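Working notes for the structure below.
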Amino acid sequence: MQICDLHIHSKHARACSKFLTLEEIDKWSKIKGVDIVGTADFTHPQWFKEIENKLEEVNSGIFKLKGSNSDVNFMLTTEISCIYSQGGKTRRLHICIWAPNLEFVRKLNKNLTDRGCKLGSDGRPIIGMSAKELLKICLSIDENHITIPAHIWTPWFAIFGSKSGFDSVEECYEELSPHIFALETGLSSDPLMNWQLSMLDKYTLVSNSDAHSAQNIGREANVFDLKEKTFEEIRNILKTKDKKKFLYTIEFYPEEGIYHFDGHRKCKVSLSPGETKKEKEACPKCKRNVTVGVLNRVENLADRKKKDIKKENYIPFKNVIPLKEILSDVLDVGKHSKKVDAFYQQMIKGGKNEFNILLNLEIADIESISTPEIAEAVRRVRKDKVKLIPGFDGQYGKIEIFDKQEKKKTSQIKLL
């Protein structure tokens, strides 16, 4: 079993940690339990030089840090922002591109540079061409690359986004649509929401962290049973929707995503789709248009109800809450606090890695490396016994595992 997070960013991407080096990505992937991680941002000239100099190919399309005994592998990945006009509307789409080899990256970077794209301006460069044109370029270099529309429901930058997207893959890619066989669900939606759209049945749904800091690696991921750890094997699994080899995805609770509900952050107004309809998409405080979120957009395009979905027809998924967020809730302190970090380090030392703790360890074993209260919190998360407060308009949602009375007791917990 291999856990793969194939959409992250580097230190060269805007609004991302300056500590996102290849070494740091390798270190945190090991802590998290991620087996294959994306290199991120291979279109950036400086970052690509680091990829060439610091990584070595160990299997077809799979790399590792040179001179390292780490078990973490890398795959060549990037995200590109396409901003263009189509159908009388400005389109803003983020597109993930996964490359089979270094030569593909060299050719793509040269092609984009020759067309005037300023790849050095950002790890996620903005290019003034359509998603279709970008795909056409990639196909001309190697038809066996992978193009995946990123976080497909995000309002501002996605293929189905309420602010600048399309209503179908075919509307966007036209005759090239058959070359799109996978879609990334994003943090604010989960597979169950996407299964409500029959038009998405032909696509393989993937989940990745889109991490802007190393500690967020693996907050969403894909779990494969790879017979061969190669780019071609991963591509074939996605293209054929092989349920024997694509075991499940690891998911954020979509309510925790920053665009799950509708709303207006400036006015601190959060609205369900029904409330938005009642308000005619206007903020009840300032009367400006609210940002229509993912749940609303999904419901508008859906053609079946959740109760009618046959889950056995799809690749399953598991919801998780990152361990530091669980500890933050139990201890009633910030997730970046020294207390949370101390407990986290203790648990990683005793539990091998974060995913092993969250997904595999027996509750009794979790208690042995932490406390009964922390073990109980993990149990509740596994059973989906959590309170969800949806995020909206760029603001993360909140997850509550223990109520206020319970937190009065758990906040006094000490390290072993």
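The values are calculated or read from the model by the stated rules, or taken from the named source; none is laboratory data. This is a predicted model, so every value here is computed, not measured. Neighbour counts are summed over all protein chains in view; Cβ atoms, including those assigned to glycine, are modelled from backbone coordinates with ideal geometry.
Annotations for the structure displayed:
- Within the range 124-142, residues that are part of a strand (DSSP E or B) reach partners that are among the polar types (S, T, N, Q) and surrounded by fewer than 22 Cβ atoms within 10 Å (Cβ to Cβ) with beta carbons closer than 6 Å, at six or more positions or on different chains, in the pairs ILE126/SER81.
- Scanning the range 269-288 for residues that are without any contact (Cβ under 8 Å) to a residue 12 or more places away in the chain and of a type outside the set (Asp, Glu) yields GLY274, LYS277, LYS278, LYS280, ALA282, LYS287.
- Residues within the range 372-416 that are surrounded by 12 or more Cβ atoms within 10 Å (Cβ to Cβ) and assigned to a loop (DSSP other than H, G, I, E, B), tallied: 11
- If you go through the range 43-72 and keep only what is among the small types (Gly, Ala, Ser) and under 21 Å from ASP142 (Cα atoms), you end up with SER60, GLY61.
- Being in a helix (DSSP H, G or I) and among the small types (Gly, Ala, Ser) is a property that does not hold for GLY116.
- Residues in the range 248-284 that are in a loop (DSSP other than H, G, I, E, B) and of a type in the set (Gly, Ala, Ser) were compared, and the one that is farthest from CYS4 (Cα to Cα) is SER272.
- Any pair with Cβ under 8 angstrom, 6 or more apart, that starts in the range 325-353 at a residue that is within 16 Å of ASP365 (Cα to Cα) and ends at one that is in a helix (DSSP H, G or I) and not aliphatic (A, V, I, L, M): TYR344/LYS324; ILE348/GLU354; GLY350/SER368; GLY351/ASP365; ASN353/LYS30; ASN353/LYS32
- Odd one out for LYS89, checked against (1) in contact (Cβ under 8 Å) with a residue 40 or more places away in the chain; (2) in contact with a strand residue (DSSP E or B) (Cβ under 9 Å, 6 or more places away or on another chain); (3) under 25 Å from THR185 (Cα atoms): (2)
- Within the range 37-50, the only residue that satisfies the criterion of being surrounded by fewer than 24 Cβ atoms within 10 Å (Cβ to Cβ) and either among the hydroxyl-bearing types (Ser, Thr, Tyr) or touching an Asp or Glu at 6+ places or on another chain (Cβ under 9 Å) (or both) is PHE48.
So that you can scan it fast, the table gives a plain yes or no per residue for (1) in a strand (DSSP E or B); (2) among the β-branched types (Val, Ile, Thr); (3) within 20 Å of SER213 (Cβ to Cβ):
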| site | (1), (2), (3) |
| --- | --- |
| LEU20 | no, no, yes |
| GLU23 | no, no, yes |
| ASP26 | no, no, yes |
| ILE31 | no, yes, yes |
| VAL37 | yes, yes, yes |
| ALA40 | no, no, yes |
| GLN46 | no, no, yes |
| GLU50 | no, no, yes |
| GLU57 | yes, no, no |
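- Among the residues making up the range 80-113, those that are assigned to a strand (DSSP E or B), touching a Leu at 6+ places or on another chain (Cβ under 7 Å) and not aromatic (Phe, Trp, Tyr) are ILE80, CYS82, ILE95, ALA99.
- Scanning the range 326-362 for residues that are of a type in the set (Asp, Glu), surrounded by 13 or more Cβ atoms within 10 Å (Cβ to Cβ) and either assigned by TED's automatic domain parsing to the domain that holds LEU205 or farther than 23 Å from ALA214 by Cα (or both) yields one hit, ASP332.
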